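The values are calculated or read from the model by the stated rules, or taken from the named source; none is laboratory data. Quick caveat: nothing in here was measured; it's all calculated off a predicted structure. Note that we place each Cβ from the backbone using ideal geometry, even for glycine, and neighbour counts take in every protein chain shown.
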Amino acid sequence: MDTKSFEERMKKTLAVLEDEFSTIRVGRANPRVLDRITVNYYGSEVPLSQVGNITVPEARLLQVAPWEANMLKEIEKAIQSSDLGINPSNDGKVIRLVFPELTEERRKALTKDIKKKGEDAKVAIRNIRRDAIDAFAKAEKKTELTEDDVKILEKEIQTLTDKYVAELDKKVDAKNKEIMTV
């Protein structure tokens, strides 16, 4: 028994956090903010990116050009019902999303959200550590591991936990700095 599988789970937790951070908007238009939006496409929900082309013609403008003209209304409805907080404008061919400059109040709200996501990820990493320690204890009871082996593995898993929590803190700080930079 070793710590590899637990380290993989910690890496995945960090990757999920990075993915969530990429969907948080920071003054510039980023097509990734539309990743979570799904559109009703002939009765089934599909990601927005699968029904149209998303481009960034200007720094604070996203443009969605549907592949089928009859999808304009569906895309517009999906964007309006999302938590994006941006009203789409439809010119009959494309949908434009103008991202306003972030206010100080909105920036502070976003930093709180980022800290909360960071804390959730820390809890997930600590839960992985707990699972590992439980697995080591079970293996010791079955006499698959000696007491010394368990102590060594517990120390290894704690080192990994500290490493990933520190990395997570760096990512949270970097994202907060990025948001608070005007």
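Does LYS177 fit the bill of being modelled with pLDDT under 95, of a type in the set (Lys, Arg), in a helix (DSSP H, G or I) and within 21 Å of GLU7 (Cα to Cα)?
It is false that LYS177 is modelled with pLDDT under 95, of a type in the set (Lys, Arg), in a helix (DSSP H, G or I) and within 21 Å of GLU7 (Cα to Cα).
Run ALA59 past the list (1) in contact with a strand residue (DSSP E or B) (Cβ under 8 Å, 6 or more places away or on another chain); (2) crowded, with 18+ Cβ neighbours inside 10 Å; (3) hydrophobic (A, V, I, L, M, F, W, C) and report the number of the one that doesn't hold.
Result: ALA59 fails condition (2) only.
For segment 33-45, name all the residues that are in a strand (DSSP E or B) and either exposed (fewer than 14 other Cβ atoms within 10 Å of the Cβ) or among the polar types (S, T, N, Q) (or both).
Correct list: THR38, ASN40, SER44, GLU45.
From the list LEU72, LEU97, LEU110, LEU84, which one is hydrophobic (A, V, I, L, M, F, W, C), more than 25 Å from ILE179 (Cα to Cα) and either crowded, with 16+ Cβ neighbours inside 10 Å or touching a residue at least 60 places away in the same chain (Cβ under 8 Å) (or both)?
Only one candidate qualifies: LEU72.
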